[in-house]
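The values are calculated or read from the model by the stated rules, or taken from the named source; none is laboratory data. Predicted model only: the values in this text are computed from it and were never measured. With ideal geometry, Cβ positions are generated from the backbone for all residues, glycine too; neighbour counts draw on all protein chains shown.
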Amino acid sequence: MAVRGSSQRAVACPIGRAADILGDRWSLLILRNAMIGVTRFDRFRAELGIADNVLSARLNRLVEADVFTRIPYRDGGRTRHEYRLTQAGADLLPVFNALAGWGLRHTRGADTAEPMRILHSVCGSDLQPGEHCATCGRRVAAEEIGWLRPWKSNEPCAIAEPVEEHGGS
């Protein structure tokens, strides 16, 4: 799938195609929050401190790229939309776990908060990149992963389940 504005050179390269969709800070942060269950515009805006027009543009781009699907809901007399991860969006979890690991190893936070941990909910161990838990040896499913973000909470956040594909947005 090509996203509008893609360069011809990027179309041939899968990394370039992925960067066309995911390659800006706001898209990554929106997806990070979606991974732990944020679905509504107002909550994305409040948690990220992002301008409405920027958030709207990024959400539309992620829907266009089939990373999110829009699901209507009623809020009072208005129809609004939730933004739910598709299977393509949920398949980004290992990428986000790898980014978190890279960030832990190669960057420093501005404060003294404990670092983020990626946990295996079955045995409670820290997970390293890969499909298997080094402690218990199990193949780790997405629903068995939790992100512990001590600067937010002492409880791990469960990873959101993707919505079932339903042919249209």
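Considering the stretch 70-121, and only residues there that are of a type in the set (Asp, Glu) and in a strand (DSSP E or B), the residue that is surrounded by the most Cβ atoms within 10 Å (Cβ to Cβ) turns out to be Glu82. Assigned to a strand (DSSP E or B) and of a type in the set (Gly, Ala, Ser) - does that describe any residue in the stretch 153-162? Within the stretch 153-162 (the criterion being assigned to a strand (DSSP E or B) and of a type in the set (Gly, Ala, Ser)), the answer is yes, since at least one residue qualifies. Within the stretch 39-69, the residues that satisfy the criterion of being closer than 16 Å to Ala160 by Cβ, free of Cβ contacts under 8 Å to residues at least 40 places away in the same chain and outside any strand (DSSP E or B) are Arg43, Phe44, Glu47, Leu59. With respect to Ala98, is the statement that it is closer than 27 Å to Ile145 by Cα and at pLDDT 95 or above true? In short, no.
Take Glu131 and tell me if it is over 14 Å from the mean Cα position of the chain (by Cα), free of Cβ contacts under 8 Å to residues at least 40 places away in the same chain and under 29 Å from Ala65 (Cα atoms). So Glu131 passes the test.
When the test is whether a residue is under 17 Å from Ala100 (Cα atoms), out of contact with any helix residue (DSSP H, G or I) (no Cβ under 6 Å at 6 or more places or on another chain), at pLDDT below 90 and part of a loop (DSSP other than H, G, I, E, B), Gly130 passes it. Just one residue in the set Thr86, Thr79 is within 19 Å of Ile145 (Cα to Cα) and among the polar types (S, T, N, Q); that residue is Thr86.
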